[in-house]
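Here is the structure we will look at, set down as structure tokens.
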Amino acid sequence: MVSGTSSLEYLSVRQEDKLVLECAAREYLRRLSVIWTSPLSDYNRVVASNQFVLPVLGYIMWTKQWPVMELKQIDREARKIVAESGGRHPCSSNALLYMTRSRGGRGLRSVDMEYKATKIKGAVRLHYQSVRLVMKIVHWEWCGSLKSKRQGWGVEWKNCPSHTIAGLVELYEQLLPTRVYTSQKTHTSGEGDVRCRLCGKAPESVAHILSGCSALAQSKYLSRHDAALKVLFYELLYDKGFIDEIPPWYSPDKPKPVYESENVKAYWDVPIFADQQEVRCIRVDARIVNHICKRVVTLEVSCPWVNNRTRKDEEKTLKYGPLRWELRQQFPDYEVKQYNIIMDALVGWSRELDVMLRELAGGRSTDVLRKMQRAVLSGTLNIARTFKVAV
Ligand SMILES: [Zn+2]
């Protein structure tokens, strides 16, 4: 008898918990869709979701017993809302969505995780920090490749719109519907022809589309390249007193071909007229001749695919060897230095670039790097969009 009452009581408690969960979940999803259809930036959408939406469920978690399966279902619906608002690719990895931004994820908190964390905290009185530590270890293994140096965009670019971040994550995860992807991963097309639909020369992979396709080289890659170089070039022009104001990284205007003062000359994409016949590659992206400190600086920018960075650097140095020689002839006692600015198509960069930018832009180097990354990122996303529309 006694046991019968307690199990009935237990049942009714469970029933009540279930009702509470249903109501709270409805409100949770309603608020979530308000936030993800609002004009907030990606960072603010995530913060709002964690701080104003999750507590709808979070506050009552302490006293309720909820089936984990139902919480996972709420998370599934939440991800659907985010995907429908363009906040993520529907096939994007869930772990990445819930990983902290400092680790290269999006930083959204899931109901499931929150529930488990609450229960652990309540039961064992573990400090929340240690829960996070457990999660960090769980995520560690597979995010290694993504994590390296690609954390900046999620943390520092706080007014970045969701579709930009979602687009970038989509590229990291290589979800672009290329022929290689559809034939080998989703198997939605046959195993037949995987050649690029734009140039017909190479397998149509994400790497090929974003940095190896000859059909895009003269238009799309060039404008991405110019956008990145422009950021640095304007900084140097400002530094030398040629301009009073640095245009924003997204500004459409182009530098003039030549800037000239008594002591300094700066060239944007102007050929060098060589006396020597052998000097064929006479076009260098930008150069600055400083007559006071007797220095010639040449700048070359490229945005190769992620694993081609070192090769690109060697290529550029070799290609412009004769040009540096020519410059040394024209400016005999000047120091000639070439900077190969290499930032891969997914905005990864090397330590060497940090050093170069410090030499060129001094204390503003971090800011210059961030702006260049945004320029390259916008270019890459534009290419991905163009590709999706074209095929
Ligand atoms: Zn191609």
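The values are calculated or read from the model by the stated rules, or taken from the named source; none is laboratory data. Predicted model, so just to flag it, every value in this text is computed and none were measured. Counting neighbours? That spans all protein chains shown, and the Cβs are built from the backbone with ideal geometry, glycine included.
Looking at (1) out of contact with any Lys or Arg (no Cβ under 7 Å at 6 or more places or on another chain); (2) at pLDDT 90 or above, find the lone condition where V82 falls short.
(1)
Answer yes or no as to whether T380 is of a type in the set (S, T, Y) and farther than 30 Å from P177 by Cβ.
No.
What strands (runs of 3 or more DSSP E) lie completely within segment 285-358 and have 1 or more residues being in contact (Cβ under 8 Å) with a residue 40 or more places away in the chain and surrounded by fewer than 16 Cβ atoms within 10 Å (Cβ to Cβ)?
Counting at least 1 such residues, we get 295-302, 335-342.
Looking only at segment 176-202, filter to residues that are within 13 Å of the ligand (Cβ to nearest atom) and part of a helix (DSSP H, G or I); which one of those is modelled with the lowest pLDDT?
If we take residues in segment 176-202 being within 13 Å of the ligand (Cβ to nearest atom) and part of a helix (DSSP H, G or I), then V180 is modelled with the lowest pLDDT.
Test K220 against the criterion of being in contact with a Cys (Cβ under 9 Å, 6 or more places away or on another chain) and more than 22 Å from I342 (Cα to Cα), and give yes or no.
Details: in contact with a Cys (Cβ under 9 Å, 6 or more places away or on another chain): yes; more than 22 Å from I342 (Cα to Cα): no.
In short, no.
Among the residues of segment 203-210, is any without any contact (Cβ under 8 Å) to a residue 24 or more places away in the chain and within 20 Å of A375 (Cβ to Cβ)?
no
Out of the residues in segment 314-342 that are of a type outside the set (S, T, Y) and touching a helix residue (DSSP H, G or I) at 6+ places or on another chain (Cβ under 8 Å), which is nearest to L171 (Cα to Cα)?
I342
For the structure I just gave you, tell me whether V279 is of a type in the set (A, V, I, L, M, F, W, C), on the phi > 0 side of the Ramachandran plot and at pLDDT below 90.
It is false that V279 is of a type in the set (A, V, I, L, M, F, W, C), on the phi > 0 side of the Ramachandran plot and at pLDDT below 90.
Could we say that W268 is closer than 20 Å to T380 by Cα and at pLDDT 80 or above here?
Values: closer than 20 Å to T380 by Cα: no; at pLDDT 80 or above: yes.
No, not satisfied.
Somewhere in segment 73-84, is a residue in a loop (DSSP other than H, G, I, E, B) and either closer than 16 Å to L168 by Cα or out of contact with any Cys (no Cβ under 9 Å at 6 or more places or on another chain) (or both)? First the steps, then the outcome.
Of the residues in segment 73-84, the ones in a loop (DSSP other than H, G, I, E, B) are none.
No, every residue in segment 73-84 fails to be in a loop (DSSP other than H, G, I, E, B) and either closer than 16 Å to L168 by Cα or out of contact with any Cys (no Cβ under 9 Å at 6 or more places or on another chain) (or both).
If E70 satisfies every condition in (1) at pLDDT 90 or above; (2) within 29 Å of the chain's Cα centre (by Cα) but one, which is the exception?
Of everything listed in (1) at pLDDT 90 or above; (2) within 29 Å of the chain's Cα centre (by Cα), E70 misses just condition (2).
Filter segment 203-262 for residues that are within 15 Å of the ligand (Cβ to nearest atom) and within 19 Å of G167 (Cβ to Cβ) and give the result.
The answer is E204, S205, V206, A207, H208, I209, L210, S211, C213, L216, K220, Y221.
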